[in-house]
């Protein structure tokens with residue numbers, strides 16, 4: 001079944017009072033109808049929750065949405081969906097305290113352990129924390145507990161698509177959900193992610209375009225298209241187009257800054273690239289790949305050795321087990337700082353630590369990079385000792 005041919009009407013779904021409310025009408029009309037109901041009854045929690053979801057999902061107005069969510073919790077202090085919407089908004093803010101998110105999720109579980117959306121956001125929380133296996137485990141339980149909930153099934157299928165041994169089941173679930181002909185934006189975007197992993201880039205591209213057709217004001221949707229064109233199509237111009245659009249909607253989108261940094265680097269606009277990559281880590285200090293690219297571009301293309309050292313050292317403080325960073329920093333320590341100022345003089349103790357980290361990691365997991373081998377590590381270490 002081809003989604004673009006078969007799903008004749010756009011579907012929008014909102015969550016309120018543990019209900020899934022479907023609409024097959026334009027988003028503006030849904031917003032207008034919710035406002036009319038609120039004029040008649042300003043304490044109508046369902047209409048307030050619909051307004052909240054329109055504000056932050058379709059209009060990028062998170063602050064306005066949070067104000068209404070406070071109002072909802074004053075009207076109904078035990079409202080679970082209001083708490084879930086707060087968590088989803090906090091996910092969009094990269095530096096939101098994890099403790100605050102976990103507290104809200106725990107409150108939801110205390111209120112009702114049989115509502116599927118709580119498991120969904122718990123799995124999302126693990127995914128945002130780069131704990132893919134934990135996320136998959138939560139969704140596997142949810143799949144057993146809520147076998148007929150479309151969003152659970154599609155999210156689980158996305159996670160299954162990450163593993164070659166379960167990609168067949170991922171594809172089976174997705175095909176079953178497509179046939180139901182009721183896919184909203186969230187479902188479509190997760191199906192696109194799954195098709196990335198299933199290596200069907202033609203279908204993935206169609207779903208990504210359908211997603212931003214449903215919600216052109218989604219920074220996530222535009223950024224995903226930008227990433228797709230950069231990574232899968234090697235089209236940096238389209239990457240730049242969609243990622244700049246994402247930043248117009250939400251200038252706090254770290255991955256858009258990263259995608260722009262990489263694309264401008266490939267176009268040899270290195271100073272612009274550096275600016276975008278710096279903005280990425282300013283928003284999200286844990287964006288590991290951005291440090292690697294900052295170090296590489298400064299070293300390879302700009303011959304900025306001190307800046308290279310600065311970003312590598314910063315990265316290794318946050319990610320002490322990063323194999324690429326350890327090797328690169330070891331290389332810089334050995335070959336580039338004999339004639340630098342005291343601040344950048346070779347540090348024998350640091351070099352020994354880096355060398356041991358690399359050897360231990362290599363022996364346990366092998367090399368993630370072609371240029372890293374035990375032989376190369378030992379050559380660097382021996383070179384260091386011979387220079388001291």
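Brief remarks follow.
- Whichever residue in the stretch 248-258 is assigned to a loop (DSSP other than H, G, I, E, B) and in contact (Cβ under 8 Å) with a residue 40 or more places away in the chain and, among such residues, is nearest to residue 58 (Cα to Cα): 250
- Close pairs (6 angstrom Cβ cut-off, 6 or more residues apart or separate chains): within 18 Å of residue 92 (Cβ to Cβ) in the stretch 231-247, assigned to a helix (DSSP H, G or I) and modelled with pLDDT under 95 anywhere: 246/219
- Summed over the stretch 259-278, residues that are surrounded by fewer than 21 Cβ atoms within 10 Å (Cβ to Cβ) and part of a helix (DSSP H, G or I) total 6.
- Filtering the stretch 74-98 to residues that are assigned to a helix (DSSP H, G or I), within 20 Å of residue 120 (Cβ to Cβ) and without any contact (Cβ under 8 Å) to a residue 24 or more places away in the chain leaves 86, 90.
- For the stretch 104-118, filtering for residues that are closer than 19 Å to residue 135 by Cβ and either touching a helix residue (DSSP H, G or I) at 6+ places or on another chain (Cβ under 6 Å) or surrounded by 12 or more Cβ atoms within 10 Å (Cβ to Cβ) (or both) leaves 9.
- Single unsatisfied condition, residue 9 versus (1) touching a residue at least 40 places away in the same chain (Cβ under 8 Å); (2) part of a loop (DSSP other than H, G, I, E, B); (3) within 24 Å of residue 180 (Cβ to Cβ): (1)
- Test: residue in the stretch 262-283 that is touching a residue at least 60 places away in the same chain (Cβ under 8 Å) and within 21 Å of the chain's Cα centre (by Cα): yes
- Residue within the stretch 56-70 that is touching a residue at least 60 places away in the same chain (Cβ under 8 Å), buried (at least 16 other Cβ atoms within 10 Å of the Cβ) and assigned to a helix (DSSP H, G or I) present: yes
- Taken over the stretch 174-195, the criterion of being surrounded by fewer than 22 Cβ atoms within 10 Å (Cβ to Cβ), in a helix (DSSP H, G or I) and touching a helix residue (DSSP H, G or I) at 6+ places or on another chain (Cβ under 7 Å) is satisfied by 177, 178, 186, 193.
- If you check 298, 251 for being loosely packed, with under 14 Cβ neighbours inside 10 Å and modelled with pLDDT of 90 or more, only one passes: 251.
For every residue, the table says whether it meets (1) assigned to a helix (DSSP H, G or I); (2) touching a helix residue (DSSP H, G or I) at 6+ places or on another chain (Cβ under 6 Å); (3) at positive phi.
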position	(1), (2), (3)
148	no, no, no
156	yes, yes, no
165	yes, no, no
171	yes, no, no
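The values are calculated or read from the model by the stated rules, or taken from the named source; none is laboratory data. All of these numbers come straight from a predicted model, not from anything done at the bench. Every residue, glycine among them, receives a Cβ derived from its backbone with ideal geometry; neighbour counts consider all protein chains shown.
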